[in-house]
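Single-structure report; data block below.
The values are calculated or read from the model by the stated rules, or taken from the named source; none is laboratory data. Please read all numbers here as calculations on a predicted model, not as lab measurements. Here the Cβ positions follow ideal geometry from the backbone for every residue, glycine too, while neighbour counts run over all protein chains shown. Please note that ligands, DNA and RNA were not included when accessible areas were found on the heavy atoms of the full protein model with its side chains. Shrake-Rupley method; radii C 1.70, N 1.55, O 1.52, S 1.80 Å.
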Amino acid sequence: EKGTYPHYMLKEIDEQPLVMRKIIQAYQNDQNELTIDADILAAMDQSDRVYIVACGTSYHAGLVGKQFIEKLAGVPVEVHVASEFVYNMPLLSEKPLFIFISQSGETADSRAVLVEVKKLGHKALTITNVPGSTLSREADYTLLLHAGPEIAVASTKAYTAQIAVLSILSAVTAKAKGRELGFDLVTELGIVATAMEALCDQKEEMEEIAREFLATTRNCFFIGRSLDYYVGLEGALKLKEISYIQAEGFAGGELKHGTIALIEEGTPVIALSTQENVDLSIRGNVKEVAARGANPCIISMKGLETEEDRFVLPAVHEILTPLVSVIPLQLISYYAALHRDCDVDKPRNLAKSVTVE
Ligand code: F6R
């Protein structure tokens, strides 16, 4: 039940700190160490390449997951949109492991790939919020999200839960392979949960940003580099889905290769900067669009902030920033939809679970 909340989406955004803590608990053993089923670890260890397959928001979580698995566990990863993979299968490596990411576990496009993968005799792991769902039953292994039911059509807490579970899978695989992480993931995810709480307490600020940048605009761009680019893709999807504003996420460096032609006087450009190695480059991109009349809204992170920033996120470990940087984007989309009188929980033309291909 949504209780005192006006919409499920807002309730589910607010549940994210609690979901982080539930996930930490669910994946800890009696010694408070993170653990993953031994069969899954063996499958990760034996695989020469991981293929992540998903749709929509879950695909965006997969993009972040690729960085985790490659950087922490040292296994190469490809991320594919399920509906493309099924008709245009890439050349597979010798020992592929498939990871299906799906909140509902019922998405037909992903299931179609799983059926093909099983025919080829490959192993598959499903990361889902729904125990006993089709994708969970048909895969060899399952990791659960522990996010609780997600009712709003726009996915919020499932996205952050997917990223958290992918971080745990990557860290535990790294440890099993004898690789040094250099940080304690339980501590860092705890810091994330606290940062999420602080962000959920700043709704008025998000409402203000939505009013200032998005109340009447026809379009909006999200730019970022590296992890911030992936989160920008998710921010754009959220905004499109529930506010019907035409929104696109771009890698900052790609602007000059075409998209910058779309910038007009007053075009809102939401820029994320949470990654030290690309901070200067993305700020350079902001200058480029501002010089052409854009209205930039920079969201940065404590430690990287400058006076031009509209909002500064609390600091978290650099690899975990998507877990916090997405929250203002979720809230901004929510308030933009409200300002524009859209049906937040049930946007037009969309269903919660897409069970047709
Ligand atoms: C966006 C959204 C969709 C889903 C997609 C996959 O807010 O909810 O893009 O992420 O339909 O659904 P699942 O994760 O259930 O496979």
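Taking a cut-off of 12 Å between Cα atoms, list the aspartates and glutamates near K346, but don't count ones fewer than 8 places away on the same chain.
E241
Sorted by packing (mean other beta-carbon atoms within 10 Å per residue), highest first, where do 39-48, 146-155 land?
The peptides rank, most packed first, as 146-155, 39-48.
In the range 1-141, what % of DSSP beta bridges are antiparallel (nearest 5)? Can you show the working numbers first?
On the way: 1 of 18 bridges.
Among the beta bridges of the range 1-141, antiparallel pairing accounts for roughly 5 percent.
For the range 172-189, just list the computed ³J(HN,Hα) in residue order, Karplus coefficients 6.51, -1.76 and 1.60, θ = phi - 60°, integers in Hz, with x standing in for Gly and Pro.
Once rounded to whole Hz, the list reads 5, 4, 4, 4, 4, 8, x, 8, 7, 7, x, 7, 9, 5, 4, 4, 5, 5.
Taking square-rooted eigenvalues a ≥ b ≥ c of the alpha carbon gyration tensor, is the range 279-357 rounded, prolate or oblate, where a/c under 1.5 means rounded and, failing that, a/b exceeding b/c means prolate? Walk me through the numbers before you get to the answer.
Details: a/c = 2.24, a/b = 1.65, b/c = 1.36.
Judged from the Cα gyration tensor, the range 279-357 comes out prolate (a/c at least 1.5, a/b above b/c).
Roughly speaking, to the nearest percent, how much of the chain's 1.4 Å accessible area is carbon and sulfur?
48
According to the square roots a ≥ b ≥ c of the eigenvalues of the Cα gyration tensor, what is the shape class of the range 16-85, taking rounded for a/c under 1.5, prolate for a/b larger than b/c otherwise, and oblate for the remainder?
Values: a/c = 2.36, a/b = 1.34, b/c = 1.76.
Cα axes put the range 16-85 in the oblate bin.
In deg cm²/dmol and to the nearest 500, what is the mean residue ellipticity at 222 nm of the chain if only DSSP H runs of at least 4 residues count, each as -39500 (n - 2.57), divided by the residue total?
Helix contribution divided over all residues of the chain: -14000 deg cm²/dmol.
Given an 8 Å cut-off on Cα distances and at least 6 residues of separation, report the relative contact order of the chain as a percent.
Dividing the mean separation by the residue count of the chain yields 19 percent.
What is the local net charge at D279, summed over the other residues whose Cβ is closer than 12 Å to its Cβ (Lys, Arg +1; Asp, Glu -1)? List each step's numbers first, then the result.
Numbers: positive: R225, R283; negative: D228, E276, E305, D309, E318.
Residues near D279 contribute -3 overall.
Just order 107-118, 329-340 by mean Cβ neighbour count inside 10 Å, highest at the front, would you?
Numbers: 107-118: 20.5, 329-340: 24.3.
Listed from highest to lowest mean packing, they are 329-340, 107-118.
Give me a comma-separated list of calculated 3J(HN,Hα) values for the range 125-136, in order, Karplus coefficients 6.51, -1.76, 1.60 applied at θ = phi - 60°, integers in Hz, x for any Gly or Pro.
10, 10, 9, 9, 8, 10, x, x, 5, 4, 5, 6
Quick one: work out the % antiparallel among DSSP beta bridges in the chain, nearest 5.
Numbers: 1 of 39 bridges.
Once the DSSP bridges in the chain are tallied, antiparallel ones form about 5 percent.
Kindly express, to the nearest 10 degrees and within the range 0 to 90, the angle between helix 203-214's C-alpha long axis and the longest C-alpha principal axis of the chain.
The answer is roughly 70 degrees.
Check cross-link reach from K71 to the aspartates and glutamates: straight Cα distance under 19 Å, and skip same-chain residues fewer than eight apart.
Result set, ordered by chain and number: D45, D48, E180, D184, E188, D228, E276, E318.
Which entries of K157/K352; K66/K95; K11/K302; K118/K177; K22/K175; K175/K302 show an alpha-carbon separation above 19 angstrom in the structure shown?
Working: K157/K352 14 Å; K66/K95 17 Å; K11/K302 26 Å; K118/K177 27 Å; K22/K175 22 Å; K175/K302 29 Å.
Among K157/K352; K66/K95; K11/K302; K118/K177; K22/K175; K175/K302, the Cα-Cα distance tops 19 Å for K11/K302; K118/K177; K22/K175; K175/K302.
Counting heavy atoms of the protein chains only and a 1.4 Å probe, report the per residue accessible area for the chain as a whole number of Å².
Numbers: 14740 Å² over 357 residues.
Accessible area per residue: 41 Å².
With the alpha-carbon atoms as the only input, what is the per residue convex hull volume for the chain in Å³?
On the way: hull volume 48.6 nm³, N = 357.
For the chain, the hull spanned by Cα atoms encloses 136 Å³ per residue.
Which of the aspartates and glutamates could a cross-linker bridge to K2, judged by Cα under 19 Å and excluding same-chain residues fewer than eight apart?
E12, D14, E15, E150, E197, D201, D343, D345
Residues with amide H under 5 Å of F250's amide H, sequence separation 5 or more or different chain, H placed in the peptide plane at 1.01 Å from N; which?
Hits under the 5 Å cutoff: F222, I223, G224.
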